[in-house]
Amino acid sequence: MAEEGNVLTDIDSGSAPNGADNSPMAGLISQYIKDLSVENPNAPQSFQWTEQPEVDVQFNIGAERVSDEVHEVELKIAVKNKCSQGTAFIVELSYCALVGMRNIPDEQGHAFLYAEAPRLIFPFARRVVADAVRDAGYAPLVLDPIDFNGLYIQQLQAAQAQKQAEEGADAPVGNA
């Protein structure tokens, strides 16, 4: 504890002397359900079905600038459970987060928006899906963890390979 009368004069809070904050920062501001749809088209008959269902899970990630330092990251999850007798349930979720970023280079910001932010919000979206399926009358569907960073790198490599293929197709062929 500081003695009475002493004044702290050497405080470094990471900001510039003029009050401008130049250090890189990124984080989640808030999370929310933007859209949730649950369909249970064949209830109550589907509760009697004993055939092993086929579960199709699709993901999509999007990001949109809200302001200079805020982006909305959207994680869309679509789950369809069906078997030969019909569709048991369909869950479509659009789970979003507002992400604040300051003083981050574009390349790193893109990676944060499309890999790190989805990784951070996925457990919450997974819980929403599990609860929706349970509330529809079925055993909760707990989605397996996803390697968003690995998927991000895979997407970058695929885009880069496609760009190189397109540039190669535009190059002159043969000798003139």
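The values are calculated or read from the model by the stated rules, or taken from the named source; none is laboratory data. From a predicted model like this one, the values you see are computed outputs, not experimental measurements. Here the Cβ positions follow ideal geometry from the backbone for every residue, glycine too, while neighbour counts run over all protein chains shown. These area figures cover heavy atoms from the full protein model, side chains too; ligands, DNA and RNA do not enter into them. Shrake-Rupley method; radii C 1.70, N 1.55, O 1.52, S 1.80 Å.
Add +1 for every Lys or Arg and -1 for every Asp or Glu among the other residues with Cβ under 13 Å from the Cβ of GLU54, and state the total.
Numbers: positive: LYS80, LYS82; negative: GLU51, ASP56.
Every neighbour counted, the sum reads 0.
Can you give the accessible area of THR87, probe radius 1.4 Å, in Å² rounded to 10?
30
Spelling out what I want: for every residue of the range 123-137, take phi, set θ = phi - 60°, compute 6.51 cos²θ - 1.76 cosθ + 1.60 (Karplus), and round to whole Hz; glycine and proline get x.
Working through the residues one at a time gives x, 6, 5, 4, 5, 4, 5, 4, 5, 5, 5, 4, 5, 7, x Hz.
From the phi angles alone, apply the Karplus equation (6.51, -1.76, 1.60; θ = phi - 60°) to the range 100-109 and give each ³J(HN,Hα) in whole Hz, x where the residue is Gly or Pro.
x, 9, 9, 6, 10, x, 3, 4, 6, x
Using only Cα positions of the range 20-176, each an equal point scatterer, no hydration layer, compute I(q)/I(0) via Debye at q = 0.15, 0.20 Å⁻¹ and quote the log10 values to two decimals.
-0.86, -1.18
For ILE29, ILE153, ILE121, give me the order by solvent-accessible area with a 1.4 Å probe, most accessible first, ignoring ligands, DNA and RNA.
ILE29, ILE153, ILE121
Near VAL70, within a Cβ-to-Cβ distance under 14 Å, what is the net charge of the other residues, with Lys and Arg +1 and Asp and Glu -1? Intermediate values should be presented prior to the final figure.
Numbers: positive: ARG65, ARG102; negative: GLU64, ASP68, GLU69, GLU72, GLU74.
Neighbourhood net charge equals -3.
With all protein chains present, calculate the accessible area of VAL142 using a 1.4 Å probe and round the result to the nearest 10 Å².
VAL142 has an accessible surface of roughly 100 Å² with all protein chains in place.
For the range 24-176, what % of the accessible area comes from carbon and sulfur atoms, probe 1.4 Å?
On the way: 4740 of 9690 Å².
That fraction is 49 percent.
Each label point is 7 Å from the Cα along the Cα-to-Cβ direction; what then is the distance between the points at SER30 and GLN154, in nm?
For SER30 paired with GLN154, the spin-label model returns 3.4 nm.
Please grab the % of Cα pairs in the range 46-133 that end up more than 20 Å from each other.
Working: 1757 of 3828 pairs.
Here the long-distance tail beyond 20 Å is 46 percent of all Cα pairs in the range 46-133.
Taking the solvent-accessible surface of protein heavy atoms with a 1.4 Å probe, what is the per residue accessible area of the range 78-132 in Å²?
It amounts to 42 Å² per residue over the range 78-132.
Any idea what log10 I(q)/I(0) is at q = 0.19, 0.31, 0.34 Å⁻¹ for the range 121-163, Debye with uniform C-alpha scatterers and no solvent?
Treating every Cα as an identical point scatterer, log10 I(q)/I(0) equals -0.64, -0.98, -1.05.
With θ set to phi - 60° and the Karplus curve 6.51 cos²θ - 1.76 cosθ + 1.60, what are the ³J(HN,Hα) couplings of the range 70-78 in order, to the nearest whole Hz, using x for Gly and Pro?
10, 10, 9, 9, 10, 10, 9, 10, 10
What translational diffusion coefficient, to the nearest whole µm²/s, does the range 36-87 have by Stokes-Einstein, given a Kirkwood radius computed over alpha-carbon pairs, a temperature of 25 °C and 0.890 mPa s viscosity?
Stokes-Einstein gives a translational diffusion coefficient of 179 µm²/s.
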